[in-house]
Amino acid sequence: MTTESKIYWGVGILSLLFIVGSMLVPGEPKRSDDLPWHIEHPTPDTTRVFGLTLGESVANEAELRFKEEAIPSLFKSPQGKLIAEVFFEQVNLAGLRSRVVLTIDVPEKELQGMYERGLRMAATESGKKITMTPDDIAKLRTWPISSLTYLPSLSVEEAVFLKRFGQPAQRIKENKSGLIHWLYPKDGLDITLGGGEKPLLQYVPPRNFDLLVQPLLANGGVLK
């Protein structure tokens, strides 16, 4: 993400803009699940956010929900791990333009097959990006969503998150980047702040929260 000039919102102003914005979008009914703090748990081990149930909803459902065609991607990390994602460049949620990234839960054998059938490969800052075949892209859209990352288009004060989510159970600071993660295990939520960047909110099912936290602890320290 590129660094832009920060626009700080007060708690009341941000909440008002989210809610009023949703009413001002022509032809769009107001939806409470357009709001990033509207988190539901259909069962103790599942998370539902923005109208999608992580671990159950698939990418096709997300395209219908966001009314936008997703951009599919397959990445290979420097450690050799394959990750399948779909990306929404411009989603309108409560009147606020945002980006959304969905990690797709594809079995390892299927991921390897997609990689081997890849049409092209390009180097990126975080590894390699593989262009998938049309058939594999269609198949990718049918697998469940394992995590959702929400990137609002504006910077937000910490007070807003405290107001809406409460105190985090734990804060972890990355050693290399200095980014700070606010962790909410019961909601399966990780809010990343700092570094002059806009906030990043990542949602996972609570049962998978330890998988999110382990690499943070391995490369950072707990703040008191």
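Computed from label points 7 Å out along Cα-Cβ, the spacing between residue 56 and residue 123 is 4.5 nm.
Hey, quick one: spin label on residue 63, modelled 7 Å out along Cα-Cβ, who in segment 130-149 has an amide N within reach, i.e. under 13 Å? Backbone N within reach: 134-143.
Highest mobility in the GNM of the chain, judged by mean-square fluctuation with C-alpha springs under 10 Å and restricted to 211, 179, 201, is found for 211. For the pair residue 173 and residue 97, the difference between a 0.36 nm per residue extended length and the Cα-Cα distance amounts to 24.6 nm. Pairs of lysines in segment 76-197 whose Cα atoms sit within less than 19 Å of one another amount to 12, provided the residues are eight or more positions apart or on different chains.
Between residue 90 and residue 46, the C-beta separation translates, for a Förster distance of 35 Å, into a calculated FRET efficiency of about 0.80. Maximal additional length on extending the residue 223-residue 81 stretch stands at 48.2 nm, based on 0.36 nm per residue less the C-alpha distance. Build a GNM of the chain with springs between Cα atoms under 10 Å apart, and of 48, 65, 120 the one that fluctuates most is 120.
Evaluating 6.51 cos²θ - 1.76 cosθ + 1.60 at θ = phi - 60° for every residue in segment 166-173, the Karplus couplings come out as x, 5, x, 5, 7, 10, 10, 9 Hz, glycine and proline recorded as x.
Values quoted throughout were computed directly from the atomic coordinates according to the rules given, and no laboratory measurement underlies them. All figures in this text were calculated on a predicted structure; none of them were measured in a lab. Every residue, glycine as well, gets a Cβ built from its backbone with ideal geometry; the counts of neighbours run over all protein chains shown.
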